[in-house]
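Data block below; observations after.
The values are calculated or read from the model by the stated rules, or taken from the named source; none is laboratory data. Small disclaimer: the values here were computed from a predicted structure and weren't measured. Cβ placement follows ideal geometry from the backbone for every residue including glycine, while neighbour counts extend to all protein chains displayed.
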Amino acid sequence: MTLDPTIAAFRFGYGLPVPQGAGAEPEAMLRALRGPDTVRARWPIVGMAEVLPLADAIRRLKTRAKEDAAALPLVAVAEADIEAMADAARRATLARAIDNPDSLRERLTAFWADHFTTVPRQRVEATLPYALVEDAIRPNLTGNFADLLTAVTLHPAMLTYLDQTQSVGPNSATGLRKGEGLNENLARELIELHTLGVGAGYQQDDVRQMAELLTGLGYNVRTGMFFDPKRAEPGAEVVLGQSYAGDGLTPIRAVLRDLSLRPETAAHIARKLAVHFVSDAPDAGLVAALEAAWTTSGGNLDQVYEALLRHPAAWAHEADKARQPFEFMVAALRALGITGADIGALSAKQMKRQLMWGLRDMGQVMKEARGPDGWAEAAEAWITPQGLAARISWAMQAPSLLMANLPEPLAMARAALGSRAGERLLWAVARAESLREGVGLVLASAEFNRR
Amino acid sequence: MERDGSMERDKGLNRRLFLRGAALLGCSAAAHPLMTTVTLAGSDGGQPLGDQRLIVVILRGAMDGLDVVRPVGDAEYAGYRPTLLAGPPGLDLDGYFALHPALGGLMPLWSAGELAFVHATSTPYRDKRSHFDGQNLLEAGTGLDVPAGSVKDGWLNRLLQVTPGVQVETAYAVGQEAVPLLAGPAAVRNWAPETELVLSPQAELLLEHIYHDDPLFQAAATEAIELTSEERGVAAGGMAADGAADGGVRLKSVAALADFAAARLRADTRIAAFSLSGWDTHRVQAGIIGKSLAKLETVILQMRDSLGPEVWGKTTLMAMTEFGRTARENGSGGTDHGTAGAMVLAGGAIRGGRVYGEWPGLGAGDLFEERDLRPTSDVRQWAAWAMRGLYGMERGVLEGVVFPGLQMGPDPRLIRV
């Protein structure tokens, strides 16, 4: 089987030209993925260890400000620190995607960050989705899905976003004293989105039992994630026919492990991976191969990725998907020769106007998906009149605002499109009135936007 | 930034671009989910929702219904709001309620029976008073019987889902901000009139060339070029209302939004939705709400003017908010998150000139949790009766699918027949 390096870069990476040292064959890609996660040191992003002390300081300052108005400016300063952390995290996320020769690691990280979508709802939460990636997703990227699922479910970002902190066992000590009750949000999404999938054979009662099982779990800025037995519903719970009893996190860890090994979970995520990486209507054999790798390995993600990379359908030439806006932007920056260091050096204004507003107009504000089900996959969801107008405008204008000397468009077309640089496109690029429009045409082309 | 002076742009070019697209798509064109309005016009004369237009405006931030539609006939009212009532007096509506002076431009509509309000109404949301949850419930159209967030489509999308023959252009979500009210499995169009797509004629020709073989890109680009050139035509022709001295630019942009929506509604679109923010008036409410009301007034008047008398006569605009605000003003000249609020209705299709809803009173024992206006109706009831009046929707469908679990109650006869 001859594998086209252009397909490798578009389908499993962030496009051409690939950073130095990148592999285009499954062996090389898997070797890099199994090696150390090197970009984290070069482009650090905060985890809860950094976020928590600052969030707690804000809480204390706000309490103080109620009695002493002189503390109010300090709240604003601390909140600005949170925003600075979030800005650094956005830049680092872009820089890692642009620079990491192990691009598959970045694409997989983005896949799981979307699968486990969290969205900040207040200023103080702005860094939580990034911390989720650092603390829970990247360290568990190639291990067992059960470990990934557990790390994510117990992470403050998820506990906050899906309201677990508000859920109290109605018959627990706290529940009886305060008259508080269940919030099923996390329990429902755990089953419906994170594991079994919509339409799998679970009942409302399973969701309710799951919610009771999760009570006690929560997050606050003093302690981080906590398990408070006074909030936990007493007694055993039955989820999908299996009884879970015991104290503390033990039954919660057990149910997460069991959910991760359910055949419905294997089928759901196998299909989702194939849809995300390969096609909106994926080859049935490819999905079956991923599902089989999942089942025989007990949900070992490394094995599942290997099955994906080694399947012939994963290397089909049809490109029926659209790059999502973040992926489009990273690929465009790569094609322009803009590096991670350049992103780090952008002024706040350029970062906002050229990159963040660009993503917003294309329909994908970073870490602000509309709901816990994350971003849409279908090309039709992105290549709308509005979405495409924003891509064309960005392609025509942003490059010359980001760099002094634009690349020569024909050379850029060949370098960025590889085997996809067709005659029709090259003909048009050669006839552009200006460098700016030539570059814009390449980046706006269907060949560049599809994968 | 480049300006190519293409207000007099070559319409022929656009026409050529999409005609070629239609030819390329051949007989599958009608089935393509993203075919343009223009391409489908003429090929399908049937209107799944008939002639009536529905515009839903989400007022994000919790509009203070008690300041907008002032219960000056209630003995308690003035005592709750010394600062807020210090400015110019409200305009008498029916002897009991008075309209906030910033909506004075709507008084002719009131007299003509084309403006109405619902008072003391709210979603089923209680106690927690979070914007995020409140808007979520308002747009999902659910009650408290299902967990928050478990219903992921909006109620206006479910109306489309149960209407046979709906086309993608039947409904439009307008503006940069997402409109979850219209999100869901039924395909709808989205467009923000402020989108700029300034292309040189050569770049436009070359784009046409490179999208030639990709129907999805070609259809989207064609429509984008059509819509943006239409926008520039509007801006050049000065159809957008000039704003007052302050906030003029903002007023212009909401007028452009109303203009854009009106243009679609004059053609094949029957439902439009968008949101207006700026209602979270915790401080110096008098200044802030005046600007937000000026925007709402501009939207309504511009909509009426752009739709023209005939279409305006078949139009219902409903503006609703996630919850109301406290009965008493707070210490900083504002109000805090409350419960019941008001809904604004406008259009030639409504039975206007009245304030709907049962008035609960503002006395000590009348307030909800001793602080908020007590809800006497569910906002979903009014929306449901409007859809029943406009589109003849079955009550069972409205109570079972569009607003699952809702009891519509007696018919308030909102819509003229």
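Tabulated results
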| item | result |
| --- | --- |
| Any hit, the stretch A:380-400, residues being at pLDDT below 95, within 14 Å of chain B (Cβ to nearest Cβ), over 21 Å from A:Y14 (Cβ atoms) and surrounded by fewer than 15 Cβ atoms within 10 Å (Cβ to Cβ) | no |
| Scope the stretch A:170-184; condition in a helix (DSSP H, G or I) and touching a residue at least 40 places away in the same chain (Cβ under 8 Å); matching residues | A:A173, A:T174, A:G175 |
| Selection from the stretch B:45-60 of residues that are outside any strand (DSSP E or B) and surrounded by 23 or more Cβ atoms within 10 Å (Cβ to Cβ) | none |
| Search result, residues across the stretch B:381-398 that are of a type in the set (D, E, K, R) and surrounded by fewer than 17 Cβ atoms within 10 Å (Cβ to Cβ) | B:E394, B:R395 |
| Tally, over the stretch B:251-305, of residues that are among the β-branched types (V, I, T) and under 23 Å from B:A183 (Cα atoms) | 4 |
| Filter result (under 25 Å from the mean Cα position of the chain (by Cα) and either outside any helix (DSSP H, G or I) or more than 15 Å from A:A322 (Cβ to Cβ) (or both)) within the stretch A:379-416 | A:I383, A:T384, A:A398, A:A416 |
| Count of the stretch B:177-189 residues which are within 10 Å of chain A (Cβ to nearest Cβ), part of a loop (DSSP other than H, G, I, E, B) and under 15 Å from the mean Cα position of the chain (by Cα) | 2 |
| Residues that are in contact (Cβ under 8 Å) with a residue 24 or more places away in the chain, assigned to a helix (DSSP H, G or I) and over 14 Å from A:V304 (Cβ atoms), drawn from the stretch A:276-286 | A:G285 |
| Matching entry among B:L99, B:L109, B:L84 (being crowded, with 21+ Cβ neighbours inside 10 Å and either more than 25 Å from the chain's Cα centre (by Cα) or at pLDDT below 95 (or both)) | B:L84 |
| Test: A:L193 is touching a His at 6+ places or on another chain (Cβ under 9 Å) and within 14 Å of another protein chain (Cβ to nearest Cβ) | yes |
| Single unsatisfied condition, A:A376 versus (1) more than 9 Å from every other protein chain (Cβ to nearest Cβ); (2) among the hydrophobic types (A, V, I, L, M, F, W, C); (3) part of a helix (DSSP H, G or I); (4) closer than 24 Å to B:E194 by Cβ | (3) |
| Every residue from the stretch A:163-179 that is surrounded by fewer than 17 Cβ atoms within 10 Å (Cβ to Cβ), more than 14 Å from chain B (Cβ to nearest Cβ) and of a type outside the set (A, V, I, L, M) | A:P170, A:N171, A:R177 |
| Complete set of residues in the stretch A:401-426 that are free of Cβ contacts under 8 Å to residues at least 12 places away in the same chain and within 13 Å of chain B (Cβ to nearest Cβ) | A:E423, A:R424 |
| Matching entry among A:E318, A:E291 (being under 21 Å from A:L190 (Cβ atoms), touching a residue at least 24 places away in the same chain (Cβ under 8 Å) and not aromatic (F, W, Y)) | A:E291 |
| Long-range neighbours under 7 Å by Cβ, at least six apart or interchain, first residue more than 8 Å from chain A (Cβ to nearest Cβ) within the stretch B:190-212, second surrounded by fewer than 21 Cβ atoms within 10 Å (Cβ to Cβ) and of a type in the set (S, T, Y) | B:E194/B:S253 |
| Flag for A:V207 being free of Cβ contacts under 8 Å to residues at least 12 places away in the same chain and more than 28 Å from A:R40 (Cβ to Cβ) | no |
| Residues that are in a helix (DSSP H, G or I) and more than 19 Å from B:G409 (Cα to Cα), drawn from the stretch B:121-158 | B:H131, B:F132, B:D133, B:G134, B:Q135, B:N136, B:L137, B:E139, B:A140, B:L156, B:N157, B:R158 |
| Scan of the stretch A:427-441 for residues that are of a type outside the set (A, V, I, L, M) and within 8 Å of another protein chain (Cβ to nearest Cβ), ordered by number | A:W427, A:R431, A:E433, A:E437, A:G440 |
| Residue under evaluation B:D133, criteria (1) closer than 20 Å to B:G278 by Cα; (2) touching a strand residue (DSSP E or B) at 6+ places or on another chain (Cβ under 9 Å), criterion not met | (2) |
| Qualifying position, being buried (at least 17 other Cβ atoms within 10 Å of the Cβ), away from every other protein chain (no Cβ under 13 Å) and modelled with pLDDT under 90, among B:R158, B:R129 | B:R129 |
| Residues that are under 14 Å from B:A272 (Cβ atoms) and either of a type in the set (D, E) or in a loop (DSSP other than H, G, I, E, B) (or both), drawn from the stretch B:167-176 | B:E169, B:G175 |
| Flag if A:M356 is at pLDDT 95 or above, within 22 Å of the chain's Cα centre (by Cα) and in a loop (DSSP other than H, G, I, E, B) | no |
| Residue identified as over 22 Å from B:V146 (Cα atoms) and of a type in the set (D, E, K, R) among B:R354, B:R395, B:R380 | B:R354 |
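Table: residues versus (1) loosely packed, with under 13 Cβ neighbours inside 10 Å; (2) modelled with pLDDT under 95.
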site	(1), (2)
A:A49	yes, no
A:L72	no, yes
A:V75	no, yes
A:M85	no, no
A:A89	no, no
A:A95	no, no
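Quick grid of which residues meet (1) under 27 Å from A:M362 (Cα atoms); (2) in contact with a helix residue (DSSP H, G or I) (Cβ under 9 Å, 6 or more places away or on another chain):
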| position | (1), (2) |
| --- | --- |
| B:G113 | no, no |
| B:T121 | no, yes |
| B:D145 | no, no |
| B:V198 | yes, yes |
| B:L207 | yes, yes |
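Table: residues versus (1) within 11 Å of chain B (Cβ to nearest Cβ); (2) surrounded by 21 or more Cβ atoms within 10 Å (Cβ to Cβ); (3) within 30 Å of A:I269 (Cβ to Cβ); (4) in contact (Cβ under 8 Å) with a residue 24 or more places away in the chain.
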residue: A:A341; (1), (2), (3), (4): no, no, no, yes
residue: A:L346; (1), (2), (3), (4): no, no, no, yes
residue: A:W357; (1), (2), (3), (4): yes, no, no, no
residue: A:M366; (1), (2), (3), (4): no, no, yes, yes
residue: A:A369; (1), (2), (3), (4): yes, no, yes, yes
